[in-house]
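Structure, as structure tokens:
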């Protein structure tokens, strides 16, 4: 079962004095690219959060956000009264407006007028937050699985199309070989010189073998079967499937270069188109 690298998970936790909102978003990336945003008081837990996300999501461009909203009466931000009073006194010496509120407005904007005390993390509280993070990861995992099912259905449909086009190639191959034989025979007949029949047959066999695509047809068929089995396997991943499509592309290109037959080359172009669409979608597979 494949997973998409696109996903979204959100959890909201209501604590006695604060509300915690956790959001995790992921997009496709070659490796794990994790960006974490959280209040400074939780920074000491960042490493453990990163390890948890890496173990669950494995790969992708991931944005983790932890937002905190104070809902209780307590706050860690305090007005430094001594500093503010000193600012007001100095401001009165500089300008004399007579308005006390104006001095206060100016003073409160100056450095150190407001201080924030660093809160220690409550472990019981953090345990609840960690559970909320796990819940968000479970949601994004489910999201990725659902996206993976849609991608799998698309892959199977396109592989089926390529397989059908390969059947058409196999069906027209005898006519193509016969056409090669006829063109060579016609070319020889237009030459006025007498031709050694045995030598002609040898050359004919050589050219027909040169244009033979039997091996490519068999290998492409095997690659298509392997791709479908890999989609269903437990260890299925985008990189592995990408390697298989590279091999499929080589066989399709070789068939196109050897075909020397316009109807078959049209089928090859259609196979390439289907394969390119598979490759585009594979960029989003975990």
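Here, each number is a calculation from the coordinates, and none is a lab measurement. Because the structure is a prediction, the values reported are computed rather than measured. In this analysis, Cβ positions are derived from the backbone assuming ideal geometry, glycine residues included, and neighbour counts consider all displayed protein chains.
Within 10 Å of each residue's Cβ, count the other Cβ atoms and sort 103, 67 from fewest upward.
67, 103
Evaluate the distance, in nm, between pseudo-label points positioned 7 Å from the Cα of residue 150 and of residue 243 along their respective Cα→Cβ axes.
Spacing of the two 7 Å Cα→Cβ label points: 2.9 nm.
For the pair residue 257 and residue 37, how long in nm is the line joining their label points, each one 7 Å along Cα→Cβ?
In this crude spin-label approximation the distance works out to 5.0 nm.
What value, in deg cm²/dmol to 500, does the helix sum -39500 (n - 2.57) over DSSP H runs of n ≥ 4 give at 222 nm once divided by the residues of the chain?
-21500 deg cm²/dmol
Would you order 211, 227, 64 from fewest to most other beta-carbon atoms within 10 Å of each residue's own beta-carbon?
Ranking 211, 227, 64 by Cβ neighbours within 10 Å, fewest first, gives 211, 227, 64.
Enter the angle in degrees (range 0 to 90, nearest 10) between the Cα long axis of helix 123-189 and the first principal axis of the Cα atoms of the chain, meaning the one along which they spread out most.
20 degrees
Which label belongs to the value computed from this structure, given these candidates for semi-axes √(5λ) of the Cα gyration tensor in Å: (1) 45, 22, 15; (2) 73, 23, 13; (3) 40, 31, 16?
Entry (2).
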